[in-house]
Structure formats: C-alpha cells, structure tokens
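Asker: The structure that follows is given in the form of structure tokens.
The values are calculated or read from the model by the stated rules, or taken from the named source; none is laboratory data. Values in this document were obtained by computation on a predicted structure and should not be read as measured data. Neighbour counts are summed over all protein chains in view; Cβ atoms, including those assigned to glycine, are modelled from backbone coordinates with ideal geometry. The protein model used for the area step is the full one, side chains on, heavy atoms only, and it has no ligands, DNA or RNA in it. Shrake-Rupley method; radii C 1.70, N 1.55, O 1.52, S 1.80 Å.
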Amino acid sequence: MPELPETETIARDLDRAISGRSIAGAVVSRADVLREVSAAELVARTVGTRIVRSWRRAKLVVIDLDNGDHIVVQPRFTGALLLDDGSLPEEERRFSTLHFLLDDGRLLHYRDIRRLGTVALMGRARFDAYSSTLGIEPLDPELSAERLSVLLRGSRQAVKKLLMDQRIVVGIGNIYANEALWRAGIDPSREARSIGRDEAERLHAGIVSVLTESIAARGTSFRDYRDASGGRGGFVEKLAVYGRGGEPCPRCGARLVETHAVDGRTTVFCARCQE
C-alpha cells in the first residue's frame, strides 16, 4: 500500500487543490526519505516555483513544477501526502518528514510513519528515463486483453507475480492482484504462460473492474493509507478475498485459502473456483 487506486486518489485530490499555487517555502525534517536530491537542493529548486499539475505514474504521485522539475513521491507502505489548512489533526501531522508552504498559507506534508517511502526531485530528462523503465498502465487502452495475453504467454513466473512486476504492468500490488485473480477464477500460482486467451480476457476484465471500482471508492484503507485530506478509502468493505483467509468464498462458499507460498506475500484464493 498504497497501490494504483490510492495513489490515483491522492494525485487527483492534489491536482484539484493545489494546481496553480506557488511554493513559498520548504522544510525537510527527515532527509533520509529524499532521493536524488539533498535537503538544501530540494529547497533551492522548489521554493518560488508554481505547481502545474499533479498526476500518477505507476504507484508514484508526480507533482510537475513550472521550472521543469518533478516532485516524485513513492509512498510505499506508510507514506501519505496531506494538505493542511490548519484543521488537519495533530496525529496526521505527527510523522511529517518534510512540508511545502503554499502561497495561500496551506502546508503540503509528506508524512511517513516508518519512512519506507521516498521523495525525489527529478528534471525532465531524468524523469522520462526513469518512467521508461516502468511497465504499461493497466487502465491504459494500450493494455487490451490481447496485449495482456501476449505478456502472459511470454512468462514462466506465477501469474500473480507477473501482475505485480512493475517492469511489465504497473500499479497493481498484492491487494488488487488477489482480487483480480479471484474475479477471473484463476489460481494465483499458475504459470502465466498457461493462461489461455479466454482466461486472459477474464483477467483483463477483473483488473479493470477492481481498479476502477476502488478508485471510485477512493482506495482501500486498512491502517495507514489516507487521501490528501486525511480521509480513509472505502473499498475495504468490498474486498472479496484479500484479508479474508479462512472465511467463506463469496462465490462458492468454500473456505478461502491463505498462503505465502506463491511469492512470499499473503495470497488468498479459493481452491474450488480458482483453477
């Protein structure tokens, strides 16, 4: 966490709330979250710039500045970008590792409880080079069922592991890989190359539907994920399998299996209806 729906929610919130604002100040209190830039350089290159837009790439939140730089945030497990107009609860500001002062007096915090996420500052060329190493966006029309079928046929790794490989398809992490495979009726441990064309179509539909529905619900909050206002995502109540090991399968009623054998991560699936 956060995965694609969560970072998409944050990016959309920020785009609506801070596009066109200028950065009047910056303070770095925990420099170990920084990548590719020092604290002093981050301040020097961001203060006085105007925010052009905020958007998502893979599991990253990208804030474009009018000097050509990009603030690139990878929240990972406990990171969050939070806007504070003075009403943000103290608990949400408690683990702020850096913040930007906007020209309207609001603060944009990067809060990270365990400091596992990162904040980078990249110029245009560096960001383009970095982005080119990432795979295809799962909600991009370029990833059709046919294209997904081709990607699957070319890999011997477990299908769940392929879905989570950010060099192939970006933004899908453990939660949504579990959910998409359950919707498609596919065993997460199957070799990707064994997935037939009809199954690839079901998997494509499962990926698109679960990501789209989660974005509409503003993501999934278990513990740490918050949107840009500090709110929680609402998709957790709609999860069919993730976090529900040992419970009845919503489709057939069999007991859901929970294992770490597929990729070392928690995998939950139905042995009866996922073949």
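Asker: Output the residues belonging to region 135-192 that are open to solvent by less than 40 Å² (accessible area, probe 1.4 Å) and among the hydroxyl-bearing types (Ser, Thr, Tyr).
Answerer: Correct list: Ser149, Ser155, Tyr176.
Asker: Only residues that are in a loop (DSSP other than H, G, I, E, B), open to solvent by 80 Å² or more (accessible area, probe 1.4 Å) and either hydrophobic (A, V, I, L, M, F, W, C) or closer than 16 Å to Tyr176 by Cα (or both): list them for region 226-238, please.
Answerer: Passing the criteria: none in range.
Asker: Cβ-Cβ distance below 7 Å, separation of 6 or more or different chains: which pairs start in region 202-221 with a residue that is without any contact (Cβ under 8 Å) to a residue 40 or more places away in the chain and end on one that is open to solvent by 30 Å² or more (accessible area, probe 1.4 Å) and assigned to a loop (DSSP other than H, G, I, E, B)?
Answerer: Every condition considered, the pairs that remain are Ser221/Arg232.
Asker: Same structure again: For residues that are on the phi < 0 side of the Ramachandran plot and under 20 Å from the mean Cα position of the chain (by Cα), tally how many sit in region 96-121.
Answerer: The total comes to 15.
Asker: Which of (1) crowded, with 19+ Cβ neighbours inside 10 Å; (2) touching a helix residue (DSSP H, G or I) at 6+ places or on another chain (Cβ under 8 Å) is the odd one out, the single condition Asn67 does not satisfy?
Answerer: In the conditions (1) crowded, with 19+ Cβ neighbours inside 10 Å; (2) touching a helix residue (DSSP H, G or I) at 6+ places or on another chain (Cβ under 8 Å), Asn67 misses (1) alone.
Asker: Please go through region 195-207 and pick out each residue that is surrounded by fewer than 16 Cβ atoms within 10 Å (Cβ to Cβ) and not acidic (Asp, Glu).
Answerer: Scanning region 195-207 gives Gly196, Arg197, Ala205.
Asker: Shifting gears a bit: I need the full set of residues from region 32-63 which are in contact (Cβ under 8 Å) with a residue 40 or more places away in the chain, assigned to a helix (DSSP H, G or I) and open to solvent by 60 Å² or more (accessible area, probe 1.4 Å), in order please.
Answerer: Passing the criteria: Asp32, Glu41, Arg45.
Asker: Taking into account only those residues within region 13-31 that are more than 23 Å from the chain's Cα centre (by Cα) and open to solvent by 50 Å² or more (accessible area, probe 1.4 Å), which is farthest from Ile172 (Cα to Cα)?
Answerer: Here the residue is Ala24.
Asker: Related question: Would you point out which residue out of Val208, Val241 is assigned to a loop (DSSP other than H, G, I, E, B) and β-branched (Val, Ile, Thr)?
Answerer: Val241
Asker: For the structure I just gave you, tell me whether Ala125 is under 21 Å from Pro5 (Cα atoms) and out of contact with any strand residue (DSSP E or B) (no Cβ under 7 Å at 6 or more places or on another chain).
Answerer: no
Asker: Output the residues belonging to region 256-265 that are in a loop (DSSP other than H, G, I, E, B), surrounded by 14 or more Cβ atoms within 10 Å (Cβ to Cβ) and at pLDDT 95 or above.
Answerer: Leu256
Asker: Something else now. Got at least one residue in region 10-26 being in contact (Cβ under 8 Å) with a residue 12 or more places away in the chain, in contact with a Pro (Cβ under 9 Å, 6 or more places away or on another chain) and under 30 Å from Val236 (Cα atoms)?
Answerer: yes
Asker: For residues in region 1-31 being in a loop (DSSP other than H, G, I, E, B) and within 30 Å of Ile207 (Cβ to Cβ), which is modelled with the highest pLDDT?
Answerer: The residue in question is Ser19.
Asker: Just need a number here: residues in region 81-103 that are surrounded by 12 or more Cβ atoms within 10 Å (Cβ to Cβ) and of a type in the set (Asp, Glu).
Answerer: Here the count works out to 4.
Asker: A further question on this structure: Just one of Gly243, Gly253 is in contact (Cβ under 8 Å) with a residue 12 or more places away in the chain, open to solvent by 30 Å² or more (accessible area, probe 1.4 Å) and under 21 Å from Ile186 (Cβ atoms); which is it?
Answerer: The unique qualifying residue is Gly243.
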